[in-house]
Amino acid sequence: MEPIIKLVDYRRTYRNGSLEVHAVRGVSLEIHAGEFVAVMGASGSGKSTMMNTIGCLDRPTGGRYLLDGVDVDSLNRDDLADLRNRKLGFVFQGFNLLSRTSALENVELPMLYSRPAVPGREQRRRALEALKMVGLADRADHYPNQLSGGQQQRVAIARALVNRPRVLLADEPTGNLDTRTSIEVMGVFQALNDQGITIVMVTHELDIANFARRTVVMRDGLVRTDERVTQRLHAPEALAKLEAEQKAVHLA
Amino acid sequence: MLATLKTALRAIRRNILRSFLTMLGIIVGISAVIVGVSMGTGAKAEVDKQIASMGNNLLIVFSGNMSRGGVRGGFGMQPNLTERDYEALRREVPGIVGVSPEVRATAQVAVGNQNTSVGIWGVSADFAEIRSWKFQSGENFTDADVRSANKVCLIGKTTAATLFGEGVDPVGQIIRIKNAPFTVVGWLAAKGANAFGQDQDDVILMPYTSAMKRLTGDTKFRAFSIAAESAVAIPEATNQIAAVLRQLHQITPDKEDDFSIRSQQEMSDFANANNRVMTVLIGAFAGISLVVGGIGIMNIMLVSVTERTREIGIRLAVGARARDVLRQFLIEAVLLSVVGGALGIAAGYWLAPMLTKFAGFPTLISSTSVLLAFSVSAVIGVVFGFFPALKAANLDPIDALRYE
């Protein structure tokens, strides 16, 4: 079966005056439907650069990137925007919700830019459905500042899912969250992955990476290891364990 | 589209004070346009009314050539129009319905112990009809009065009020003009000021024969008032009058006329020339203030784009195309300027009558000027909003998302 994401000798070089910075120096990677991949690496390892390329926010300067069989290099800015709209969903570290805009309207946002246009009622229905998937149907008319960090990130996930993308891309999704909320968000990811949604997640936390099925470790612009997660964590169990530990501290 | 409009409204509401201050430039500019144009239109309407009060399809023949360079004689410095000219015009020019000569004098007029100095016009019996004078009471003098130079006269409203008191009917009374007794046969209805601000009602009309014989001793006329039968007949009548007068005055083809013919239209154009200068001047000020207002909008839109860089990044990331972002910010700028324009129009509607009330300027707000002002404000939004919107649309999504 054709992979959803296929990088062939992918390179990304930034030019800063006469100085060339090789952020990614030849990565070949295939991600298939239904996978849950954690990309790890220290800052400067090239993982964010690679995520930007996978997210069609940026184009390779060398090699090829095929998203769902389409060579991104041949596309213009509008085509890329269209791909992001239809095939990709983004979850960011800082949530990136529009403030003073309700959760529901935040989730509707991608559909504003869909072509053909989605009728207003359909937008609402799908946004509510997406909020239900992340367990926030009852918070639809709350504003971001009325929601906790974990809830905001779940709204962001709902927004990423609302156009039924082929891939969910998460850039340090738990970076701003405490342990407990992080595990809850991973629980949402695992549940979505179990429903067949492909997830690529950048993280620098090993604990979090272990919720994925596969980890890719990058260093100096190259992939160092690419392996199956052997001791995979499951969110419900991790949560129970955490609760037990916290209780123990209390008891002690 | 509706969602974009909603977003724009929300962005404007979020910073309501800032939005209002931004709009202020447009509000001032547009209200200046409305008020300025209303002053121009109002003044023109006033002038047109005054010119129309002079009569219908009126032609005036002045003695002396007024279009020649150098000294301009004004209302005929050396009267050179004669009784013979008058008879010939009456007889020979087709397409005219009335002719009246004009002699003028200023004389002391007295009734009892009241007296005043009044402009006296010696005219024919056609004159009242030609110049659209209506009668409050009494009636016009007759051709017979003219032939026998009878001591009869028509009296204007202001003069009558001075001599007899406000609202007292003077018909049948005797007034003394240069000590000669004249009988008032008609009381003229009010006309108001003319295009040059003179009170047309401070006047006494009498047969030109009486005026020449008893007051001035002149034998020539300073002007003729002529009514053409219709507006279409004016050009032909003008040519005919000129031909008749040239022949009678024995002017060879290589010489210039020793008279001038003015139509009502020309007089109205002349009177309106000043108004046009004023309108252009106010228009220029309004234009400058609109440009300043537009720059204000551009400035605030640039600030807005910078402030909302992250929002733009989010929108781009979820699939907004450059043109979607462009449109969003353009609509916001247009909304700002159009709302400003609407407020400016409202302010103009409020200010124009104030101006009339407190400064006495005639004003008239035309729907054309409102439409024009509104379109101009929309155009300003597009023109001055375009650069900031383009800046927003060309942001790189990655940089925009990372912007703090």
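Table: residues versus (1) at pLDDT 95 or above; (2) small (Gly, Ala, Ser); (3) assigned to a helix (DSSP H, G or I); (4) more than 34 Å from the chain's Cα centre (by Cα).
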| residue | (1), (2), (3), (4) |
| --- | --- |
| B:Val291 | no, no, yes, no |
| B:Ile300 | no, no, yes, yes |
| B:Leu335 | no, no, yes, yes |
| B:Ala352 | no, yes, yes, no |
| B:Lys357 | no, no, yes, no |
| B:Thr368 | no, no, yes, no |
| B:Phe374 | no, no, yes, no |
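Listed by position, the strands (runs of 3 or more DSSP E) enclosed by region B:95-178 that each have at least 3 residues that are in contact with a Ser or Thr (Cβ under 7 Å, 6 or more places away or on another chain) are B:96-111, B:114-123. All of B:Gly122, B:Gly112 fail the test of being at pLDDT below 90, of a type outside the set (A, V, I, L, M) and either over 29 Å from the mean Cα position of the chain (by Cα) or assigned by TED's automatic domain parsing to the domain that holds B:Leu154 (or both), apart from B:Gly112. Residues in region B:238-289 that are more than 25 Å from B:Ala45 (Cβ to Cβ), outside any helix (DSSP H, G or I) and either basic (Lys, Arg) or without any contact (Cβ under 8 Å) to a residue 24 or more places away in the chain (or both): B:Gln250, B:Ile251, B:Thr252, B:Pro253, B:Asp254, B:Lys255.
Residue-wise test of (1) part of a helix (DSSP H, G or I); (2) more than 30 Å from A:Val21 (Cβ to Cβ); (3) touching a Leu at 6+ places or on another chain (Cβ under 6 Å).
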position: A:Asn145; (1), (2), (3): yes, yes, no
position: A:Ile157; (1), (2), (3): yes, yes, no
position: A:Ala170; (1), (2), (3): no, no, no
position: A:Leu177; (1), (2), (3): no, yes, no
position: A:Ser182; (1), (2), (3): yes, yes, no
position: A:Met186; (1), (2), (3): yes, yes, no
position: A:Arg232; (1), (2), (3): no, yes, no
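Restricting region B:302-319 to residues that are charged (D, E, K, R) and in a helix (DSSP H, G or I), which is farthest from the other protein chains (Cβ to nearest Cβ)?
B:Glu307
Restricting attention to region B:125-170 and to residues that are touching a residue at least 60 places away in the same chain (Cβ under 8 Å) and of a type in the set (Lys, Arg), the residue that is surrounded by the most Cβ atoms within 10 Å (Cβ to Cβ) turns out to be B:Arg131. Listed by position, the helices (runs of 4 or more DSSP H) inside region A:74-134 whose residues that are at pLDDT below 90 number at least 1 are A:120-133.
Scan region A:93-117 for residues that are surrounded by fewer than 20 Cβ atoms within 10 Å (Cβ to Cβ) and either more than 10 Å from every other protein chain (Cβ to nearest Cβ) or charged (D, E, K, R) (or both) and jot them down.
A:Gln93, A:Arg100, A:Ser102, A:Arg115, A:Pro116 - these are the residues of region A:93-117 that are surrounded by fewer than 20 Cβ atoms within 10 Å (Cβ to Cβ) and either more than 10 Å from every other protein chain (Cβ to nearest Cβ) or charged (D, E, K, R) (or both).
Just to be sure, is B:Leu335 surrounded by fewer than 17 Cβ atoms within 10 Å (Cβ to Cβ) and not assigned by TED's automatic domain parsing to the domain that holds B:Val93? Answer is no for this residue.
Entry remark, region B:107-136: residues being among the hydroxyl-bearing types (Ser, Thr, Tyr) and closer than 22 Å to B:Val61 by Cβ number 2 in total.
So which of A:Leu88, A:Leu67, A:Leu57 ends up being in contact with a Cys (Cβ under 8 Å, 6 or more places away or on another chain), among the aliphatic types (A, V, I, L, M), at the interface with chain B (Cβ under 10 Å from one of its Cβ atoms) and surrounded by 20 or more Cβ atoms within 10 Å (Cβ to Cβ)? Testing whether each residue is in contact with a Cys (Cβ under 8 Å, 6 or more places away or on another chain), among the aliphatic types (A, V, I, L, M), at the interface with chain B (Cβ under 10 Å from one of its Cβ atoms) and surrounded by 20 or more Cβ atoms within 10 Å (Cβ to Cβ) leaves just A:Leu88.
The values are calculated or read from the model by the stated rules, or taken from the named source; none is laboratory data. Quick caveat: nothing in here was measured; it's all calculated off a predicted structure. Reconstructed Cβ throughout: ideal geometry from the backbone, glycine too, with neighbour counts over all protein chains shown.
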